[in-house]
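The values are calculated or read from the model by the stated rules, or taken from the named source; none is laboratory data. None of these values were measured; they are calculated from a predicted model. When we count neighbours, we look across all protein chains shown, and the Cβ atoms used for this are built from the backbone with ideal geometry, even at glycine. Accessible surface areas use protein heavy atoms only, side chains included; no ligands, DNA or RNA. Shrake-Rupley method; radii C 1.70, N 1.55, O 1.52, S 1.80 Å.
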Amino acid sequence: MCVMACVAPVAGSVSVAAAEPVPVYRNAAVPVEERIDDLLSRMTTREKVLQLNQFYIGTNNNVNNIGEVVNGIPAEVGSLIYFDGDPALRNAMQRRAVEESRLGIPILFGYDVIHGFRTVYPTSLAQACSWNPALVSEACAVAAQEARQSGVDWTFSPMIDVARDPRWGRVVEGYGEDPYVNGVFGAASVRGYQGDNIADSLKVAACLKHYVAYGASEAGRDYVYTEVSPQTLWDTYLLPYQMCVEAGAQTLMSSFNDISGTPGTANHYTLTEVLKDMWGHDGFVVSDWDAVKQLVAQGNAADMKEAALHAFNAGVEMDMMSYAYDHHLEELIAEGKVSPQRLDDAVRRVLRIKMRLGLFENPYTPEVPDRFLRPASRVTAGRLAAESMVLLKNDSTATLPLKEVSKIAVIGPLAKSKADMLGSWHCHGNPDDVTTLYEGIMNEYGNGAEVRYALGVDKDGDDTSGIAEAVEAAAWADVVILHLGEDYRWGGENASRSTIALPAIQEKLAEAVAGTGKPVVLVLSNGRPLDLSRLEPHANAILEAWQPGVNGGDAMAGILSGRINPSGKLAITFPYSTGQIPIYYNRRPTARPFDRQGLYQDITSEPLYPFGHGLSYTTFEYGTPKADRIDFVADDTIEITIPVTNTGDLTGDETVLWFINDPYSSITRPVKELKYFEKKHLSPGETAEYTFRIDPMRDLAMVDGTGRRILEPGEYRVLVADKVLTLNYKGEKLSR
């Protein structure tokens, strides 16, 4: 049957023979589930199985071999990872699926659009430090527009793995150490990618990854076993996924890691009992790359056939690049090891997303020549870069902002590095699109100050021959801007590091430059918290700029000059040294808090810069928090307000972080838990009211190892800045 011939005759036309009626599954006016029922009834087992496989297309292809590439892929395949940035190859492959396969089911094209497509904005870890979810949604909408107009319907983003070991390279891809923060920013990303209607030609389907507890990576190594108790699984790792599923995320990706003996890709409890049965998620789960096959290496399956059986029956609907389902699923069905009902449910979930995306009605991507780097998109990238940067240090001489300077030395291996500003997973980002720190300084000061540049040293290695030139430039200058940090390849997947200190050669450069006695402003670009114990004494001020994307240079320069008042706060703890890892703010109480027992004997046990730390060029004064009730019952809503006044001379943004503490409970709780945050813009002298509306079951109750929320009678504390407000629950113990 030719799919394209199955159209109703044009009104008033004369037909020799009656045209075949439009199949129900092609009628957009029919409810989606009825369309899927009709399509399933027409599909063979082989056609169903192929819908559950994802291959790839678009690497090293050119216009001369498109036909060869397209013909080498089954027209009935469910999904392709699309590495190209041009819709032409995508449309050629889609045309084969829609016009040459028996049923004409469109292909779903996915890609890792992590922090921008061509307009690259800051990495996810940096984004969390902005404390501005609305701005992150705006940036994700830019990424969705560029991706969809380039042939990508589906992004493998956001990553919401709670991560507390910065030796793990993938810490850069998530939103830090706090479950709630990951949930809020993950949900904001989902809304930005998907909008109100993912069939919109400017939207894409989101994919939450990596489900679940991948961020509990043992010793910062990738792909390894993770030991997570049931209570910690619910208390820490599942929360952001639940928040993002509730926000409407269409798909999830299973994780590489083994979760307490059962790999994430074969974990029926997380994939089916929690995700589908408890949370009611009706989209599908895709494996990570080759993850089904890796069940063999993990000792969960004897061979690929058994791996396919375990993953599919656990709840993984789509196999990414293992070639396990296409080779073995039909045989498993014939043997009765996979039920026809499970097969149909899996295919239904894939088809549901395709129909929601409108691919049956609009399978092709129109050519839009001006889809990248639009002026408004670059403005968004610049705003997010500026708000993500964190002023870690500004000494008593108030080194920053730099005013009335006539001679500036810009030094360091990152100062002119364009690629490193993009960070890992930068999709189709082009270094030529990037503004570096040096260029930003020239834009900011070029007409009013003399600027000299010296490389000093490379990012790594042992060549110190350039240090002398750097010292000479520093001695000449009024102030030194020293730009150090990581190569972008040091972060991301398979990028574990044994130490989070920068290479010794960069520390040598900092020591030599500081030896001139000139003020040193250290600017850092990196994808993880760093061990700054040896660098911090050499810097009068430190700006954590992260890997800020295409407009990072102007944002950095704007903060250094004072044109932009820094407002970022850390979403992840900076340890004093690598030896303190893991160190994070929401730890549980120690058994011996008295006399400072149990602490390190050779170094401090405190972090260098804690979660929530971040300086401003103005000052803020917090008033007294007030609650509309102190005693409450479970169904009450408690409204707490606190006045915050800008007591400085500059306009600034202040983020108020609201924590709770349950001092005594049947399941011990962290010393404090973030439950809400709010960022506001305040003029000098202005006072704003910040409000936290507490739902007791949501914000005060604890969670047990089955996911039940439990509210116990007694005292609860609300912590904001250095203020404490005590509430009292007067009701009975409740469990929901």
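Determine whether GLY612 is on the phi > 0 side of the Ramachandran plot and touching a strand residue (DSSP E or B) at 6+ places or on another chain (Cβ under 8 Å). Taking the combined requirement at face value, the residue satisfies it.
Could you check segment 290-301 and list, in sequence order, the residues that are among the aliphatic types (A, V, I, L, M) and in a helix (DSSP H, G or I)?
The answer is LEU295, VAL296, ALA297.
Looking across segment 397-434, the residues that are within 24 Å of the chain's Cα centre (by Cα), surrounded by fewer than 22 Cβ atoms within 10 Å (Cβ to Cβ) and not polar (S, T, N, Q) come down to LYS418, ALA419, HIS428, PRO431, ASP433.
Taking segment 701-736 as the range and being of a type outside the set (Asp, Glu), crowded, with 16+ Cβ neighbours inside 10 Å and outside any strand (DSSP E or B) as the test, the residues that pass are ALA701, GLY707, ALA721. The helices (runs of 4 or more DSSP H) located wholly in segment 302-406 that include 1 or more residues which are over 30 Å from ARG118 (Cα atoms) occupy 304-314, 325-334, 340-356. Just one residue in the set GLY461, GLY456 is open to solvent by 10 Å² or more (accessible area, probe 1.4 Å), over 21 Å from MET389 (Cβ atoms) and in a loop (DSSP other than H, G, I, E, B); that residue is GLY461. Could you check, for segment 659-678, whether at least one of its residues is part of a loop (DSSP other than H, G, I, E, B), at pLDDT 95 or above, of a type in the set (Gly, Ala, Ser) and open to solvent by 20 Å² or more (accessible area, probe 1.4 Å)? So far as segment 659-678 goes, yes, one or more of its residues are part of a loop (DSSP other than H, G, I, E, B), at pLDDT 95 or above, of a type in the set (Gly, Ala, Ser) and open to solvent by 20 Å² or more (accessible area, probe 1.4 Å). Looking at segment 375-431 only, could you name the residues that are of a type in the set (Asp, Glu) and over 19 Å from GLU486 (Cα atoms)? Those that are of a type in the set (Asp, Glu) and over 19 Å from GLU486 (Cα atoms): GLU387, ASP395, GLU404. Looking only at residues of segment 589-625 that are in contact (Cβ under 8 Å) with a residue 40 or more places away in the chain and assigned to a strand (DSSP E or B), we find that the one that is least open to solvent (accessible area, probe 1.4 Å) is TYR609. Among the residues of segment 162-178, those identified as touching an Asp or Glu at 6+ places or on another chain (Cβ under 8 Å), open to solvent by less than 10 Å² (accessible area, probe 1.4 Å) and either without any contact (Cβ under 8 Å) to a residue 60 or more places away in the chain or not acidic (Asp, Glu) (or both) are VAL162, ALA163, TRP168, GLY169, ARG170, VAL171, GLY174.
Considering the conditions (1) crowded, with 18+ Cβ neighbours inside 10 Å; (2) modelled with pLDDT under 95, VAL49 is excluded by exactly one of them, (2). The set of residues in segment 133-161 that are open to solvent by 10 Å² or more (accessible area, probe 1.4 Å) and not in a helix (DSSP H, G or I) contains only GLN149.
None of GLU493, GLU472 is open to solvent by 30 Å² or more (accessible area, probe 1.4 Å) and either among the hydrophobic types (A, V, I, L, M, F, W, C) or within 28 Å of GLY448 (Cβ to Cβ) (or both) except GLU472.
Only residues that are among the charged types (D, E, K, R) and either touching a helix residue (DSSP H, G or I) at 6+ places or on another chain (Cβ under 7 Å) or assigned to a loop (DSSP other than H, G, I, E, B) (or both): list them for segment 541-583, please.
Those that are among the charged types (D, E, K, R) and either touching a helix residue (DSSP H, G or I) at 6+ places or on another chain (Cβ under 7 Å) or assigned to a loop (DSSP other than H, G, I, E, B) (or both): ASP554, ARG563, LYS569.
SER406 meets the conditions (1) touching a Leu at 6+ places or on another chain (Cβ under 8 Å); (2) of a type outside the set (A, V, I, L, M); (3) over 30 Å from TYR121 (Cα atoms) in every case but one. The failed one is (1).
Out of LEU80, LEU89, report the one residue that is in contact with a helix residue (DSSP H, G or I) (Cβ under 8 Å, 6 or more places away or on another chain) and more than 19 Å from LYS209 (Cβ to Cβ).
LEU89
Restricted to segment 626-658, and to residues there that are under 25 Å from ALA541 (Cβ atoms), of a type outside the set (S, T, N, Q) and assigned to a strand (DSSP E or B), the residue that is farthest from the chain's Cα centre (by Cα) is VAL644.
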